[in-house]
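Here's the structure, in structure tokens; my notes come after.
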Amino acid sequence: MLLSFLLPSVGFLGLVAIIATILFAELTGLREHYLKYGFYLYNSLLVGMGIGFYYEISILSIFLTSLLAILTFLLSFGLNRIFIHYALPILSLPFALVSLLFYLASLKYTTLLSNVLHRSPLFDIQLPFAPFFQSLGTIFFLPYTIAGAIIAFIILYYSRILFFLAVSGYLFGIAVHSLFVPISSAIHSLYNFNYILIAMAVGGIFLVPHIRSYLIAFTAVAASVVMIDAMEVFFNLYSLPVYTLPFNIITLLIILLTFGGGYIYFNHDIKGTPERSLEHFLSTLYRFGGKSRKIYLPFSGTWSVYQAFDDEWTHKGKWKYAYDFVIKKNGKTYRNDGHFLEDYYAYGASVLSPVNGYVVDIQNDLPDNPIGTVDRLNNWGNYIIIRSLEGFYVEISHLMQHSIQVQIGAYVEAGEVIAKCGNSGYSPEPHIHIQVQEYQTIGSGTVPFVFHEYIVNSKLVFYSLPRKGEEILALPTDISMKQRLTFILDEQYRYTVEKNGEKIDSFTITVKMNDKGEFYFEDEQLNRLYFYQTQRLFYFYNYEGKKSYLQLFFLLAPKIPLIRDDICYNDTLPLYLRYSPMKKMFIEFLIPFSYKLFFNKVEYCHKQLHIHSTFGMVQFSYYEKGFALLQSRSITIKKESIEV
């Protein structure tokens, strides 16, 4: 905002627009809207700055700015109400539309004092790449080298990715434009700032930074070249400026396409910077399975994969995303000769709900087939279909006759016994068939999914799929471990920090919750470490603040299985726990070109009440809640008491 006073009329009338918008919002009782949604203010700000760019400060220009700021607020509110139904942002569209109205109306306003002839900044400088800086400054009605240079520095400090996109988008737009017009005309076009805005918005904000996202952004920039020229020719007939209309139209169309088309790198959770959005996306992908549908195993104990995805028998075509499980002992699924259902180890075993959700359909009265026969008329046999809280449906089939223990409409929790394994339907031997489908109708087409966790070859695996023939163990939950890591709001824990056996520091952490219902530990310096607990796992997922001892909790125990057994597993740590600030900035810039730079597995081993890794060790108490001891290569942190 201060920079806008480089041209005093721009800064002053921009301030007037903000004040007018706030006063009108207060008058109408919409304080929450302008505080929560920044576009209410920035669109009005741009309108005010636009007026200041063309007209001197006067009573009339102040009054006109106030009216147009209020009109912009109204239009922003209305467009947001419409666009929100399509998950679209309004960007700077209210500014562009109101500015066009103002420009048309101003052709009749002879009492306004124009400043076009003597418009000049307080000062300016000459720098290399002046056209780029001038285009960047034009975004805020400051088409001067000094303004653009300052804005470029702010962008570079704020985000290296955005700076790269701003420069490369600008150069690419000019290169494409120069194919059709002289290079000098391409360089000095008034509307080159649209290239910058499109590249940054598409490649770094609404799409997660990735080489594919960059290519989409540059394609959008190229398309905008034609749109800008066409609009300029048409609008010139009425002496109208193009402003940011090309940026708004192209960006909104890209958002519609990528969101509606299910583009894998669409940014569903925009953070403060592209770097933060990227790290959040990759942490979610590598640590928590990304946006994939996740279910728990529908059994306890050890089972074997009989059929996997797209397997050789029945898992084909639109039903290829399914799993079959059997129980094997000594390489066989049955005892004796296997002539009777009761000979099969899986027959009669408990079937567990794989999700939290509601039962939407069941079939419970079909007989179990004698070995050697199948029911070709009722392929699925006895089944349960559950609608998960995430919105997808899970079908479990071939259940034992009259074994289903829930009714349609009942709410079930993951791990709850819902039926027994049987041999109904098209089933050659007792087994559990499970699939995820889009609709609740029996026989609906299947969709991909992963299992939350399972143990294979003595290794705990998260958000993955076992291979055919593999023997896997469902994660056995330890209630006592779950209780150790169940933290209650406002609990406090005090820790002593030691180095070489001598006390060097102490700190207290408090259990708190934000307005989103997220729990976190907070220390005296207000650093926050966010955590979450599922039925079988406790984990840290985000840290906010400066360097502190809380980061050691994250580093030494990012995931804690709620089990008693000894087991090892891998996790991928956030960049801020792995690199120095300078190296982190460098890596963040390179990651969009290769996500492998982020993926770095660290092995953690859970042994009794300890978790060991290359970074150190965490110890839990037999009798007390929380983290009893944390030991890194240089310091030891000990809990002083259960509760303060």
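Before we move on, is Y243 modelled with pLDDT under 95 and of a type outside the set (D, E, K, R)?
Yes.
Can you tell me how many residues within region 496-555 are part of a strand (DSSP E or B) and of a type in the set (D, E)?
Summing the residues that are part of a strand (DSSP E or B) and of a type in the set (D, E) in region 496-555 gives 5.
If S185 satisfies every condition in (1) in contact (Cβ under 8 Å) with a residue 40 or more places away in the chain; (2) in the same structural domain as G262 (by TED's automatic domain parsing); (3) closer than 26 Å to Y238 by Cβ but one, which is the exception?
Of (1) in contact (Cβ under 8 Å) with a residue 40 or more places away in the chain; (2) in the same structural domain as G262 (by TED's automatic domain parsing); (3) closer than 26 Å to Y238 by Cβ, only one is false for S185: (1).
Which strands (runs of 3 or more DSSP E) sit wholly inside region 583-625 and have at least 1 residues that are within 13 Å of K559 (Cα to Cα) and among the aromatic types (F, W, Y)?
Ranges flagged: 601-607.
Kindly list the number of the only condition in (1) without any contact (Cβ under 8 Å) to a residue 60 or more places away in the chain; (2) surrounded by 20 or more Cβ atoms within 10 Å (Cβ to Cβ) that fails for A474.
(1)
Quick one: count up the residues across region 121-142 that are closer than 20 Å to L45 by Cα and under 36 Å from the mean Cα position of the chain (by Cα). Before you say what the answer is, go through the steps one by one.
Narrowing region 121-142 to residues closer than 20 Å to L45 by Cα: 121, 134-142.
Cutting the leftovers down to under 36 Å from the mean Cα position of the chain (by Cα) gives us 134-142.
Result for region 121-142: 9.
State all residues of region 615-631 that are touching a strand residue (DSSP E or B) at 6+ places or on another chain (Cβ under 7 Å) and either surrounded by fewer than 15 Cβ atoms within 10 Å (Cβ to Cβ) or not assigned by TED's automatic domain parsing to the domain that holds T496 (or both); if no residue qualifies, say none.
S621
Considering only region 522-564, state which residues are farther than 22 Å from L475 by Cα and of a type in the set (S, T, Y).
Y530, Y543, S548, Y549
What single numbered condition from (1) under 19 Å from the mean Cα position of the chain (by Cα); (2) touching a residue at least 12 places away in the same chain (Cβ under 8 Å); (3) exposed (fewer than 15 other Cβ atoms within 10 Å of the Cβ) fails to hold for K516?
(2)
Do any helices (runs of 4 or more DSSP H) entirely within region 2-99 hold 2 or more residues that are among the aliphatic types (A, V, I, L, M) and modelled with pLDDT of 90 or more, and if so, which? Give the derivation first.
Details: elements: 8-27, 31-36, 39-54, 59-83.
Passing ranges, in order: 8-27, 39-54, 59-83.
Looking only at region 359-391, count how many residues are part of a loop (DSSP other than H, G, I, E, B) and surrounded by 20 or more Cβ atoms within 10 Å (Cβ to Cβ).
Of the residues in region 359-391, 5 are part of a loop (DSSP other than H, G, I, E, B) and surrounded by 20 or more Cβ atoms within 10 Å (Cβ to Cβ).
Only residues that are closer than 29 Å to M585 by Cα and β-branched (V, I, T): list them for region 252-297, please.
I254, I255, T258, I264, I270, T273, T284
Which members of region 90-119 meet the condition of being of a type in the set (S, T, N, Q), in contact (Cβ under 8 Å) with a residue 60 or more places away in the chain and surrounded by fewer than 17 Cβ atoms within 10 Å (Cβ to Cβ)?
S114
Of all residues being touching a Lys or Arg at 6+ places or on another chain (Cβ under 8 Å) and more than 24 Å from S224 (Cα to Cα) in region 254-278, which is surrounded by the fewest Cβ atoms within 10 Å (Cβ to Cβ)? Just the residue, please.
Here the answer is H268.
From N336, N423, grab the single residue that is part of a loop (DSSP other than H, G, I, E, B), touching a residue at least 24 places away in the same chain (Cβ under 8 Å) and among the polar types (S, T, N, Q).
N423 is the lone residue from the list that is part of a loop (DSSP other than H, G, I, E, B), touching a residue at least 24 places away in the same chain (Cβ under 8 Å) and among the polar types (S, T, N, Q).
Any residue in region 358-384 that's assigned by TED's automatic domain parsing to the domain that holds G422 and of a type in the set (S, T, Y): show its pairings with residues that are modelled with pLDDT of 95 or more and surrounded by fewer than 16 Cβ atoms within 10 Å (Cβ to Cβ) at Cβ separation under 6 Å, as long as the two are six or more apart or on different chains.
Final answer for the pair search is Y358/Y411.
Does region 339-357 hold any residues that are surrounded by fewer than 17 Cβ atoms within 10 Å (Cβ to Cβ) and either assigned to a strand (DSSP E or B) or touching a residue at least 60 places away in the same chain (Cβ under 8 Å) (or both), and which are they?
Within region 339-357, G348, S350 meet the criteria.
If you take the residues of region 393-422 that are over 20 Å from F325 (Cβ atoms) and within 31 Å of the chain's Cα centre (by Cα), which of them is surrounded by the most Cβ atoms within 10 Å (Cβ to Cβ)?
Y411
Give me the residue from region 180-215 that is surrounded by 19 or more Cβ atoms within 10 Å (Cβ to Cβ) and of a type in the set (V, I, T) and, out of that set, farthest from the chain's Cα centre (by Cα).
My answer is I196.
Taking the options S548, S580, name whichever one is in contact (Cβ under 8 Å) with a residue 12 or more places away in the chain, more than 20 Å from the chain's Cα centre (by Cα) and surrounded by fewer than 19 Cβ atoms within 10 Å (Cβ to Cβ). I'd like the intermediate steps shown before the answer.
Values: S580 fails: in contact (Cβ under 8 Å) with a residue 12 or more places away in the chain.
When all the criteria are applied, what remains is S548.
Looking for something within 26 Å of V456 (Cβ to Cβ), modelled with pLDDT of 95 or more and among the small types (G, A, S) - is there at least one such residue anywhere in region 546-567?
Scanning region 546-567 turns up at least one residue that is within 26 Å of V456 (Cβ to Cβ), modelled with pLDDT of 95 or more and among the small types (G, A, S).
Name the single residue that is surrounded by the fewest Cβ atoms within 10 Å (Cβ to Cβ) among those in region 583-604 being at pLDDT 95 or above and in contact with a Ser or Thr (Cβ under 8 Å, 6 or more places away or on another chain).
Going through the qualifying residues, I end up with E603.
Is there a residue being buried (at least 18 other Cβ atoms within 10 Å of the Cβ), assigned to a loop (DSSP other than H, G, I, E, B) and at pLDDT below 95 anywhere in region 297-317?
yes
Of all residues in region 100-110, which are touching a Ser or Thr at 6+ places or on another chain (Cβ under 9 Å) and part of a loop (DSSP other than H, G, I, E, B)?
Correct list: L107 only.
Going by what's in this entry, would Q525 be described as surrounded by fewer than 18 Cβ atoms within 10 Å (Cβ to Cβ), touching a residue at least 24 places away in the same chain (Cβ under 8 Å) and in contact with a Ser or Thr (Cβ under 8 Å, 6 or more places away or on another chain)?
Answer is no for this residue.
Starting from region 158-179, keep only residues that are within 20 Å of F593 (Cβ to Cβ) and touching a residue at least 60 places away in the same chain (Cβ under 8 Å), then list their pairs with residues that are crowded, with 22+ Cβ neighbours inside 10 Å and of a type in the set (D, E, K, R) whose Cβ atoms are within a distance under 8 Å, requiring at least 6 positions of separation or different chains.
These pairs meet every condition: S159/E275; R160/E275; R160/E588; I161/E275; I161/E588.
Examine region 96-108 for a residue that is of a type in the set (S, T, Y), under 29 Å from F63 (Cα atoms), within 37 Å of the chain's Cα centre (by Cα) and not assigned by TED's automatic domain parsing to the domain that holds P241, and state whether such a residue exists.
yes
Consider T508 against the criteria (1) in contact with a strand residue (DSSP E or B) (Cβ under 6 Å, 6 or more places away or on another chain); (2) surrounded by 17 or more Cβ atoms within 10 Å (Cβ to Cβ); (3) β-branched (V, I, T): it satisfies all of them except one. Which criterion is unmet?
Tallying (1) in contact with a strand residue (DSSP E or B) (Cβ under 6 Å, 6 or more places away or on another chain); (2) surrounded by 17 or more Cβ atoms within 10 Å (Cβ to Cβ); (3) β-branched (V, I, T), T508 fails exactly one: (2).
The values are calculated or read from the model by the stated rules, or taken from the named source; none is laboratory data. Please read all numbers here as calculations on a predicted model, not as lab measurements. Counting neighbours? That spans all protein chains shown, and the Cβs are built from the backbone with ideal geometry, glycine included.
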